[in-house]
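For reference, the structure discussed in these notes is given below.
The values are calculated or read from the model by the stated rules, or taken from the named source; none is laboratory data. Quick caveat, the model's predicted, so the values are computed rather than measured. FYI the Cβ positions are ideal-geometry reconstructions off the backbone, even for glycines, and counts take in every protein chain you see.
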Amino acid sequence: METTDNKAARRGPVASLLRYWSLGMICILTCFAAFLIVIIPAGREEARWLKCQGRLKQIGLALLNYHDAHGSFPPAHLTDQDGKPTHSWRLLILPYLNWKEVHDRYNFSEPWNGPSNVALAKTAAGTAECFRCPSEHGSHPEWTSYVAVVGPGTLWTGGPAPPKDAVSGRTRILVVETQESGIHWMEPRDMPYETAVAGLLQSSPHSGRVHVLLSNGEVATLKEGVSLDKIGTEGAGTAAADQ
């Protein structure tokens, strides 16, 4: 008959192997968990980055389709008889973003924040999403992430926008993205060129990089060390930034 001592001696190596195996599995699972902690958020942000790029490309396509229909890009804003901005370019391209119904319900006879337009904005949350970066997590979903670059030396100087064949130099920049803009997507307000040059990367929803929409419909990536005015020069959209 096998003694208790013999059984214990025979179980010793097996128990040791089981302990080593368990320890090894714990180490593997711990490393895998750490990998997921690092990779999954990064993967999610990359997905949001690509989705943001896609939304900006849709805006670019809508601007080009508007151009084909009207012979020029839309003005940055419409004005009233006193020259006060009343309606944004974002509203003018809605039919080319599959939001013609919202465009047709918008009341152009009153300001963007008039009573009927405010009521429309409350029922058009899906439309607002077209103009919002997926990486924005603020408490104001009605704020746009995509703003035109406006002012002297840009495409949108305050008057009628020129046809794309006349676009050269800095005017190749159409739209940039920014976070917490404080600009309602219906509001006829955008970003002055000087502001965009001074701190666009610092206001980006994405760390260390920001999307820039050019007048040919391309979406370029502005990164550290690449100036906005370099992207705005003729032919520099591909040379100065990754796409």
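Here segment 156-180 is the region considered, the condition is being buried (at least 24 other Cβ atoms within 10 Å of the Cβ) and within 21 Å of the chain's Cα centre (by Cα), and the residue that is modelled with the lowest pLDDT is ARG172.
If you filter segment 82-120 down to residues that are farther than 21 Å from LYS57 by Cα and of a type in the set (Phe, Trp, Tyr), you find that the one that is surrounded by the fewest Cβ atoms within 10 Å (Cβ to Cβ) is PHE108. Please tell me if THR238 is among the polar types (S, T, N, Q), modelled with pLDDT under 75, in contact with a Gly (Cβ under 7 Å, 6 or more places away or on another chain) and surrounded by fewer than 18 Cβ atoms within 10 Å (Cβ to Cβ). So THR238 fails the test.
Look at (1) at pLDDT below 95; (2) touching a helix residue (DSSP H, G or I) at 6+ places or on another chain (Cβ under 6 Å); (3) hydrophobic (A, V, I, L, M, F, W, C) and you find that VAL102 fails only one, number (1). Pairs linking a residue in segment 111-136 that is more than 23 Å from GLU46 (Cα to Cα) and touching a residue at least 60 places away in the same chain (Cβ under 8 Å) to a residue that is acidic (Asp, Glu) and crowded, with 21+ Cβ neighbours inside 10 Å, with Cβ atoms under 9 Å and 6 or more positions apart or on different chains, are TRP112/GLU187; ASN113/GLU187. Restricting segment 56-101 to residues that are in contact (Cβ under 8 Å) with a residue 40 or more places away in the chain and among the basic types (Lys, Arg) leaves a set whose member that is nearest to SER116 (Cα to Cα) is ARG90.
In segment 121-142, is there at least one residue being at pLDDT 90 or above, surrounded by 15 or more Cβ atoms within 10 Å (Cβ to Cβ) and more than 23 Å from GLN179 (Cβ to Cβ)? There is no residue in segment 121-142 that is at pLDDT 90 or above, surrounded by 15 or more Cβ atoms within 10 Å (Cβ to Cβ) and more than 23 Å from GLN179 (Cβ to Cβ).
Evaluation of THR221 against the conditions (1) modelled with pLDDT under 80; (2) more than 29 Å from GLY83 (Cα to Cα) shows that the sole unmet condition is (1).
With respect to being modelled with pLDDT of 80 or more and out of contact with any Cys (no Cβ under 6 Å at 6 or more places or on another chain), PRO192 fits the description.
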